[in-house]
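Just below is one structure, and these are the notes that go with it.
The values are calculated or read from the model by the stated rules, or taken from the named source; none is laboratory data. In this text the structure is predicted, and so the values were computed from the model without any measurement. Here Cβ is always computed from backbone atoms with ideal geometry, including for glycine, and neighbour counts include all displayed protein chains.
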Amino acid sequence: MAKLTMVQALNLALREILREDPDTLIFGQDVGKDGGVFRVTEGLYDEFGEDRVVDAPVAESCIAGVAVGLCLRGLRPVIEMQFSGFGYHAFHQIENHVSRFRTRTRGRYTCPMVVRMPYGAGIRAIEHHSESRETIWAHLPGLKMVIPSGPRNARALLRAAVHDPDPVVFYEPKASYRAFKEEVPDDPEDFPIGKAAVARPGSNVTIISYGASLRPTLEAADELAEEHDIDAEVIDLQTISPMDTETICASIEKTGRAVVVHEAPRTCGPGAEVVARICERSLMYLEAPIRRVTGYDVIMPFFATERYFIPDSRRIVAAARDVVTF
């Protein structure tokens, strides 16, 4: 195993994919000669050439629309929106065409594309570069919504997304791009889409998170164990849609308490869906109200105050203590 950052792991996955499948290609702004705005595609243009790593015009709707045509011709494009905040320009193409072709054609055609979008705060950028709007995409039937939390599952989930027969929106937490390294196996691996992971086993409270929020959640779990004698189980969702209700509720039925953590705004955020599923499936196992630790219902603040917006371990520890002592 090699220790890689998330950027390096994603680059590895794309390199493997291009080598393994001649029908795959990368298409997006600055993905070619420049290697991507975050250098995720660095070196791929030199190895695979301009027909496989294709620079696109500054037009997100064009990128998504061209990718639809590529899919209908039998190819598997991996397209990149430089920042998730610019992905709204492609919303019409993704909502009206990408997500619907399987149903529209009664299964004769589909759009097996991956839409990569860096998302989230933590890099001291302005609002359209720092938002967490995963709920918008998760709400669309016909799309899958994947968010890795670290290098290993970023590589494995991106590979799985490319192999999936349906379109996948793949949010990459840019605050985690180079924040830490993790061992990534030498041999290629795919993690199943729609399956959560138990990032830390525990018995007193379940804390559910994903993406960049997983690291402060794990830090909070360590603090809870060391300073408060609370054994927290941490669930990494990995996929927002389809959501793994089985793993979530199995943990709730063991611990009886839940906290949900995400960077997206609170109202109609992914945490609301998690809470609803727990109440529908495992309500009688709950011993305390469920707490949410989230971003706030405001426009993403500028970098001088963004740290107050992002959930941190302090807020997570306080929420977990509240539900355990209820």
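For (1) under 22 Å from Ala9 (Cβ atoms); (2) among the hydrophobic types (A, V, I, L, M, F, W, C), each residue gets a yes or a no:
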site	(1), (2)
Phe101	no, yes
Thr105	no, no
Arg108	no, no
Cys111	no, yes
Ile123	yes, yes
Glu131	no, no
Val146	yes, yes
Gly150	yes, no
Arg155	yes, no
Open item on the list: Please go through the range 1-17 and give me each residue that is surrounded by fewer than 21 Cβ atoms within 10 Å (Cβ to Cβ) and under 18 Å from Pro112 (Cβ atoms), ordered by number.
Closed with: Glu16
Open item on the list: Anything in the range 90-110 that is crowded, with 17+ Cβ neighbours inside 10 Å, out of contact with any Pro (no Cβ under 9 Å at 6 or more places or on another chain) and within 16 Å of Tyr171 (Cβ to Cβ)? List them, or say none.
Closed with: Ala90
Open item on the list: Filter the range 14-35 down to the residues that are closer than 12 Å to Met81 by Cα and in contact with an Asp or Glu (Cβ under 6 Å, 6 or more places away or on another chain) and list them by number.
Closed with: Gly28, Val31
TODO: Answer yes if at least one residue in the range 111-133 is buried (at least 18 other Cβ atoms within 10 Å of the Cβ), assigned to a helix (DSSP H, G or I) and in contact (Cβ under 8 Å) with a residue 40 or more places away in the chain, and no otherwise.
DONE: yes
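Taking the range 68-89, which residues are closer than 16 Å to Leu18 by Cα and surrounded by 15 or more Cβ atoms within 10 Å (Cβ to Cβ)? Step through it out loud before you land on a result.
Initial filter on the range 68-89 (closer than 16 Å to Leu18 by Cα): 70-71, 74-80.
Hits for the range 68-89 are Leu70, Cys71, Leu75, Arg76, Pro77, Val78, Ile79, Glu80.
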Open item on the list: Return the residues of the range 310-326 that are in a helix (DSSP H, G or I) and charged (D, E, K, R); say none if nothing qualifies.
Closed with: Arg314, Arg315, Arg321, Asp322
Task: Unique residue being of a type in the set (A, V, I, L, M, F, W, C) and either in contact with a Phe, Trp or Tyr (Cβ under 9 Å, 6 or more places away or on another chain) or under 18 Å from Gly120 (Cβ atoms) (or both) when the list is Ala225, Ala264 - done: Ala264
TODO: Inspect the range 158-167 for any residue being outside the structural domain of Leu18 (by TED's automatic domain parsing), more than 21 Å from Ser313 (Cα to Cα) and in contact (Cβ under 8 Å) with a residue 12 or more places away in the chain and give the result as yes or no.
DONE: no
Task: Count of residues meeting criterion [over 14 Å from Asn11 (Cα atoms), within 23 Å of the chain's Cα centre (by Cα) and of a type outside the set (S, T, N, Q)] in the range 28-54 - done: 2
TODO: Name the single residue, out of those in the range 271-326 being under 18 Å from Val261 (Cα atoms) and among the basic types (Lys, Arg), that is farthest from the chain's Cα centre (by Cα).
DONE: Arg321
Open item on the list: Would you confirm whether or not the range 120-131 contains a residue that is acidic (Asp, Glu), over 23 Å from Leu237 (Cβ atoms) and at pLDDT below 95?
Closed with: yes
Task: Residues of the range 173-211 satisfying the condition of being among the aliphatic types (A, V, I, L, M), closer than 23 Å to Ala2 by Cα and touching a Lys or Arg at 6+ places or on another chain (Cβ under 8 Å) - done: Ala179, Val184
TODO: Kindly indicate whether any position in the range 48-67 is touching a residue at least 40 places away in the same chain (Cβ under 8 Å), crowded, with 18+ Cβ neighbours inside 10 Å and among the hydrophobic types (A, V, I, L, M, F, W, C).
DONE: yes
- [ ] State whether one or more residues within the range 134-151 are under 12 Å from the mean Cα position of the chain (by Cα), at pLDDT 95 or above and among the basic types (Lys, Arg).
- [x] yes
Open item on the list: Scan the range 138-161 and tell me whether some residue there is closer than 21 Å to Leu214 by Cβ, in a loop (DSSP other than H, G, I, E, B) and among the hydrophobic types (A, V, I, L, M, F, W, C).
Closed with: yes
